[in-house]
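All remarks here apply to the structure that follows.
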Amino acid sequence: MRRRTFLALTAGLPAALNLLGRPARAQAAPARRFLVFYFPDGVAGPSQDGQPSLWHPRGGLRDFELPAQLAPLDPLREHCVFLDGLSMGPTDAGSHPGGAKKLLTAVDGGNGESIDHVLARTVGADAPHRHVYLGVQANQNGASGDKHIS
């Protein structure tokens, strides 16, 4: 058998074996998700000329209007909580990684259990993948990605 033929025939084998080893599960309820958007420097509030913030809903607790930046969340609005005006105080001499660690743990240095781990351990205990992390980082001016939140 030629090498290319062998590779073509076996390329999907790992995925197929993964499916064979999993028992079927009934879809009892929709999956529950916890999503955090973190902006190290915060987000812009109302502009100096009075234009409303693009990141904060306007209106009441339930009858709010989402600005353009948040419009993709409109189908999920009844499940969303938007926080505004929070302050964590000084963290790790003002470092961005220190702020991210305190955001999820409420403890300087990130030395506490983070809320995402608490939820994964409790609400998501039966999920096949309890944690999925996605992050974007620029490695600019010697900045390194050697600090982690968990």
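Readers should treat all values here as calculations from the given coordinates under stated rules, not as data from a laboratory. Remember, predicted model here, so these are calculated numbers, not experimental data. Glycine gets a Cβ as well: all are built from the backbone with ideal geometry, and neighbour counts include every protein chain shown.
For the pair D49 and E65, label points projected 7 Å from Cα toward Cβ lie 1.9 nm apart.
3J(HN,Hα) couplings calculated from phi for the range 55-68 with the Karplus curve 6.51 cos²θ - 1.76 cosθ + 1.60 (θ = phi - 60°) are, in sequence order, 10, 10, x, 10, x, x, 4, 10, 9, 9, 10, 8, x, 3 Hz; Gly and Pro show x. Based on Cβ point charges of +1 for Lys and Arg and -1 for Asp and Glu, what charge dipole magnitude is obtained for the range 44-86 about its Cα centre, in debye rounded to the nearest 20? Using only the charged Cβ atoms, the result is roughly 60 debye. Here the range 33-60 is scanned for amide nitrogen atoms under 11 Å from the site 7 Å beyond the Cα of R77 along Cα-to-Cβ, giving 57-60.
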